[in-house]
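Participant: Shown below is the structure under consideration.
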């Protein structure tokens with residue numbers, strides 16, 4: 001048998017890389033099918049949420065009525081907690097708090113790096129790879145892994161129903177490949193597709209460049225996290241709106257909230273489940289960063305928020 | 001102890017007592033050390049007549065168990081007993097506890113099962129301790145679980161969802177997280193399911 005020279009080894013490496021790329025492309029396509037299924041299919045089921053010693057059972061439902069998607073989540077144990085989302089917005093009822101109502105954002109998917117046109121970008125920070133198959137809620141599923149290439153973001157394991165592409169289980173993984181947070185269907189009933197197509201948002205053929213609000217700069221954001229949305233919302237101060245900026249690497253996302261005036265807020269870090277938050281006063285304004293990313297990432301984002309006024313003075 | 005009591009006790013030991021007599025007799029045995037001694041002798045005599053082995057460890061076992069129970073009734077044990085009574089009282093649907101409608105029947109059945117099979121020491125009018133069934137006949141007193149390490153068992157106790165924040169700040173962060181989730185969900189990959197983390201947290 002002839003020895004394999006360096007050229008043979010290089011060819012083998014190329015073949016491996018090609019196979020991996022093809023496998024990744026197939027995995028990305030499966031994830032796109034998952035995204036479509038979540039929008040298109042009507043379903044009901046019971047979810048179990050697990051994070052540390054937090055265990056909750058939830059009832060989830062997704063219905064489409066005349067092309068309008070309606071979703072709901074209801075906690076089945078502990079204090080009453082619920083979330084409902086319609087075309088108008090999200091209403092959330094949590095323990096010991098006033099109901100939270102957030103308007104549905106008029107944002108199209110074209111403002112985001114979705115999977116259609118962002119395979120290269122996603123691959124820059126994640127390795128997308130099939131991880132075999134499993135059985136969840138009595139149904140066969142294909143497991144897709146999204147493995148982060150650094151510790152600035154979490155990884156994911158999606159267990160996709162082989163029949164419908166719905167995610168039957170989602171694991172959020174840390175840098176040590178340990179699950180931080182898990183959501184799993186224990187039972188699911190797929191009610192089929194709506195006869196009317198589901199609206200996915202306002203039509204937009206134009207990608208609008210997004211910039212920070214006047215007077216603010218974002219510098220040295222963590223690798224891959226680009227500004228993808230800016231909006232103004234009602235804040236604690238009834239006179240001044242609260243600036244809301246959204247950063248995303250195509251999968252993970254981080255929000256920056258900037259409040260004018262003397263609004264009080266978070267000073268230091270906080271955590272709930274896999275979500276991390278950090279807050280500080282920046283040039284007389286309350287800045288809060290929150291996202292489902294490691295604590296070091298929200299810290300890095302906060303440090304990159306600068307007031308143009310204070311920057312000009314230095 | 002009278003001659004009549006010894007005769008009735010002998011009848012019970014020989015399984016020859018009339019309806020209701022055994023229950024009455026056993027109640028008297030429970031209250032009288034003399035009758036308990038007589039009861040033991042009757043059984044020892046029966047063991048001997050039947051050629052059965054006799055184990056000295058079983059002598060006066062009722063008194064020994066009672067002494068152990070009294071010795072073991074430390075404050076924290078009694079505190080837990082009181083906690084269970086309050087827990088049972090709240091499971092009958094009284095205000096203060098949110099129960100899903102479909103779970104009310106299950107909770108009631110559980111409470112009945114605990115009451116039916118639970119044996120919690122009670123102090124009778126004579127001052128001695130007897131073992132009987134727990135009963136819930138009083139409204140649940142104000143909750144005071146400090147020092148028992150059982151506060152986490154209380155459903156609905158105020159608790160900040162975000163670690164290291166006050167409840168007021170936690171509410172503000174919740175609103176920010178919901179706004180963040182809604183903006184991020186427009187990317188569509190995970191849809192509505194990530195809201196499970198918003199709703200699922202804060203419960204043990």
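Participant: What do you reckon, is residue A:45 more than 9 Å from every other protein chain (Cβ to nearest Cβ), buried (at least 18 other Cβ atoms within 10 Å of the Cβ) and under 25 Å from residue B:161 (Cβ atoms)?
Facilitator: yes
Participant: If you don't mind, another one. Is it fair to say residue A:237 is modelled with pLDDT of 95 or more and surrounded by fewer than 19 Cβ atoms within 10 Å (Cβ to Cβ)?
Facilitator: No: the conditions fail for residue A:237.
Participant: Just name the residue that is nearest to the other protein chains (Cβ to nearest Cβ) out of those in region A:244-281 that are in a loop (DSSP other than H, G, I, E, B) and touching a helix residue (DSSP H, G or I) at 6+ places or on another chain (Cβ under 7 Å).
Facilitator: A:273
Participant: Right, residue A:284: at positive phi and more than 10 Å from chain B (Cβ to nearest Cβ) or not?
Facilitator: Judged against the criteria, residue A:284 is a match.
Participant: Sticking with this one: Could we say that residue A:194 is more than 10 Å from chain B (Cβ to nearest Cβ) and either within 30 Å of residue A:139 (Cα to Cα) or at pLDDT below 90 (or both) here?
Facilitator: yes
Participant: Quick check on this structure: which one of A:270, A:274, A:300, A:295 is out of contact with any strand residue (DSSP E or B) (no Cβ under 8 Å at 6 or more places or on another chain) and under 30 Å from residue A:146 (Cα atoms)?
Facilitator: A:300
The values are calculated or read from the model by the stated rules, or taken from the named source; none is laboratory data. If you're wondering where the values come from, they're calculated on a predicted model, not measured in any experiment. FYI the Cβ positions are ideal-geometry reconstructions off the backbone, even for glycines, and counts take in every protein chain you see.
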